[in-house]
Structures are given as structure tokens and as C-alpha cells.
Amino acid sequence: MKPTSGKDAASPTRADASQATDEALQQRVKALEEERDRLKSELADNRDRYLRARADYDNLVRRTQKESLDSVRAAKGSLLLRFTAVVESLDRAIKDLDRSHPDSSRGVKLVADDLRRLLKDEGVKEIETAGAFNYRYHQAVENVETNEHPEGAIVEVVQRGYLIHGEVLRPALVKVAAAPRKPPSRPESAALT
């Protein structure tokens, strides 16, 4: 056997050490890649949860704003409906004053006009009642048998109706034309006697 020199004896050890270092580095790289993949997955999950929570929050804000706006509209509509009753009362008072004291109705007319202007500025409009009955805007309180108007035509307005921004605040109460009923015919045997 030849004696090994110190160089030759060190070479295999370095190779073993280099191989061990490479294996350790590969294991470390593999562990880091697994950690990276886990963190990516966790990040994606957290991002998804965040986006869902943000969408839920945005929906809550929109729903709360809508409910608040609906509540304000309902209260406003209720108040404006009460003003329409005041205008109608003033109109009746003006008619009575015009008959008895024509000069005295001027101030009442001014107040009624101011209230009408206020209602108009707030989006309140009187429902049209000329023409045919429309179930969306009118409420029939009576059918009137007549040949003077076509069937389904509004014959008389009992109470004015109002819209607010295109939505019914109160339907108009109306009487509607109906075709006259034919009297029951008498049997021929009864007519002979």
C-alpha cells in the first residue's frame, strides 16, 4: 500500500462536506419554497377574506343609507300630504268666500298659492283625473251608470290625488262611468196576462 499524502486524504472529506452542504442547501431551499407556497396561499386567503369583508361593509353602508333615505322620504311624504289637506281646505274656504265676500278671499288665495308653490318645489304634483280610470293613480269609490261618458271614464273627482317625484303620495278618489244595466226582461208569459 502506498502511503496517502495529506492532500489526498483531505479531498474526499471536502467532497463529502461539499455534498453535505449542497444537500443542506437543497433542503433549506425546499423548506423555503414550501414556506413561500404556504405564505402565498395564506395571503390569497387573507386577500379573499378582506375583499369579502369590504364588500359586506360597502353593502351595509349602501343599505343603511337607503333605509335612512327611505325613512326621510316617508316622513317628508307624510308631512307634505298634510299640507295638501290644508291647500284643499283653503280652496274650499276660497269658494265660500268668493260667494259671500269676494273681496275678502284675496289673502286666502295668496296663502293657498304659496302652499301650492311649496308643494311643487318639493316635487308634489296633482294627479291628472281627466280621461280614463287608471288603477295606478286612481281609486274608484263608485261606479256611475251613464250613457253620457264612455265606460271607464272618470265622471267626478271626490278627492284629489298627489304624486311626489312620480310616486303616488295619495291616489285620487274618483267616480267612474259604467254602462247602464239593462232592465230585466219580462218573460213572454207574464207579458200576455
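Read-outs throughout are calculated quantities, based only on the coordinates presented, and are distinct from any laboratory measurement. Not measured: the values here are computed from a predicted model. Please note: Cβ atoms are built from the backbone with ideal geometry, for glycine as well, and neighbour counts cover all protein chains shown.
At a 10 Å Cβ-Cβ cut-off, how would you order S68, S105, fewest neighbours first? Fewest-to-most Cβ neighbours within 10 Å comes out as S68, S105.
Annotation: the antiparallel percentage among DSSP beta bridges lying fully within the chain is about 60.
Note on D70 and V158: their simple-model spin labels are 3.1 nm apart, each label 7 Å out from Cα toward Cβ. If you wrap the Cα atoms of the range 11-122 in a convex hull and average its projected area over all directions, you get 10.7 nm². Counting only lysines at least 8 places from K76 when in the same chain, those with an alpha carbon closer than 25 Å to its own are K66, K109, K120, K125. Multiplying the residue separation of Y135 and E42 by 0.36 nm and subtracting their alpha-carbon distance yields 27.6 nm. The Rg/Rh ratio of the chain, with both radii computed over alpha carbons and Rh defined as the Kirkwood radius, is 1.69.
Residue order for F133, F83, fewest other beta carbons within 10 angstrom first, comes to F83, F133. Projected onto its three principal axes, the C-alpha set of the range 124-186 covers 54, 16, 16 Å, listed from the longest axis down.
Exposure proxy ranking for V157, V174, based on other Cβ atoms within 10 angstrom of each Cβ and starting from the fewest, stands as V157, V174. Using label points projected 7 Å from each Cα along Cα→Cβ, tell me how many nm separate E33 and D114, to one decimal. Computed distance between label sites E33 and D114 equals 8.5 nm. From helices alone, the chain scores -22500 deg cm²/dmol at 222 nm; the rule is -39500 (n - 2.57) for each run of n ≥ 4 DSSP H residues, then divide by the residue total. Taking a sphere under 14 Å around the Cβ of A24 and counting the other residues whose Cβ falls inside, with K and R at +1 and D and E at -1, yields a net charge of -1.
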